[in-house]
Structure formats: structure tokens, C-alpha cells
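The values are calculated or read from the model by the stated rules, or taken from the named source; none is laboratory data. Just so we're clear, the structure is a prediction, and the values are computed from it rather than from any experiment. All Cβ positions, glycine included, derive from the backbone under ideal geometry; neighbour counts span all protein chains shown. All accessible areas refer to the heavy atoms of the entire protein, side chains included, with ligands and DNA or RNA removed. Shrake-Rupley method; radii C 1.70, N 1.55, O 1.52, S 1.80 Å.
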Amino acid sequence: MAKKASGSNDKKPADSKKAGKGNAKPDEAADKKGKGGGLKPATSVNVRHILCEKQSKALEALQKIQEGQRFDKVAQEYSEDKAKAGGSLGWQVRGSMVGAFQDAAFALQPSTVDKPILSPLVKTQFGYHIIMVEGRK
């Protein structure tokens with residue numbers, strides 16, 4: 001992706017020599033507006049996860065969910081943390097979670113335990129997480 005962005009930037013220096021720096025800035029602002037059309041900003045998410053120390057166990061849990069099993073049932077069977085209630089961590093505010101986990105959680109669209117939208121495996125100092133979000137606010 002970075003190469004595409006630099007490819008589009010190759011034209012900007014030539015333009016800026018002709019028209020000055022003023023023309024490059026509106027283009028950049030338009031690019032940013034175009035990219036932000038996904039999720040609404042949120043300050044907290046209602047999050048569930050499955051935590052496994054070993055990647056192989058996390059991948060096995062991920063496969064069970066992809067085969068159609070409910071997220072909460074797989075969490076009860078596979079998750080190795082204290083959130084045994086179907087993997088629910090409840091509402092978490094931005095800044096209360098570790099970096100990679102938080103980034104993944106706030107990037108997900110809300111879904112339900114029977115048809116979850118999942119993160120890819122997220123590795124933190126605690127192990128490997130499979131994350132889903134039930135709500136955003």
C-alpha cells in the first residue's frame with residue numbers, strides 16, 4: 001500500500017513547483033476525508049475475546065467459530081482468562097486496553113455471538129486473542 005501512496009505523491013512535487021505548496025494541501029485533506037468513511041468514532045466498545053497462550057489453540061478456536069459455533073460457547077471452552085462468561089469483558093473505554101488489542105477492538109464493526117465479525121489473531125503480552133465487538137458508543 002505504501003508504494004501506491006508514494007506513487008501518487010510523485011506527481012505532487014511537480015505540481016507544487018508549478019503552483020506552489022498550496023495545491024498539495026487540499027489534495028491531502030481530500031484524501032483523508034475519503035479514507036474515513038467507515039465506522040463512527042467511538043470512546044468505548046462492548047467487547048468479547050478468547051485468550052489462548054498458544055497460537056495453535058487460538059487457531060483451533062477460530063476455526064470452530066468459522067465453522068458456525070457461537071462465539072460465547074467457544075470462549076467458554078477455549079479461553080484461558082477470567083472472562084469465562086462467554087468471553088465478555090463488558091464495556092471498555094479507549095485507553096483501558098493494551099495497544100494491539102485496543103486497535104483491533106476499535107476497528108471492528110459490532111456483531112452478535114451467533115454471527116460474529118472477528119479480528120484476526122491479535123498477539124499481546126497475555127497471549128493470542130480472538131476479538132469481537134457487540135456495541136460501540
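For the reader, a short list of remarks on this structure follows.
- Heavy-atom accessible surface of region 49-135, averaged per residue, reaches 53 Å², computed with a 1.4 Å probe.
- Reciprocal of mean inverse Cα separation for region 64-131 (Kirkwood radius, Å): 12.5 Å
- Given R0 = 30 Å, the distance between the Cβ atoms of Ser56 and Val93 translates into a calculated FRET efficiency of 0.40.
- Approximating the spin labels as points 7 Å out from Cα along Cα→Cβ, the Ser111-to-Glu80 distance works out to 2.4 nm.
- The label-point distance for Leu39 and Phe126, in a model that sets each label 7 Å from Cα toward Cβ, rounds to 1.7 nm.
- Percent accessible area from carbon and sulfur atoms, region 42-137, protein chains only, probe 1.4 Å: 50 percent
- The H on the amide N of Thr124, modeled in the peptide plane, is under 5 Å from the matching H of His129, each at least 5 residues off or on a different chain.
- Among the GluC sites (Glu not before Pro) within region 57-137, those in coil by DSSP and having at most 12 neighbouring Cβ atoms inside 10 Å are Glu67.
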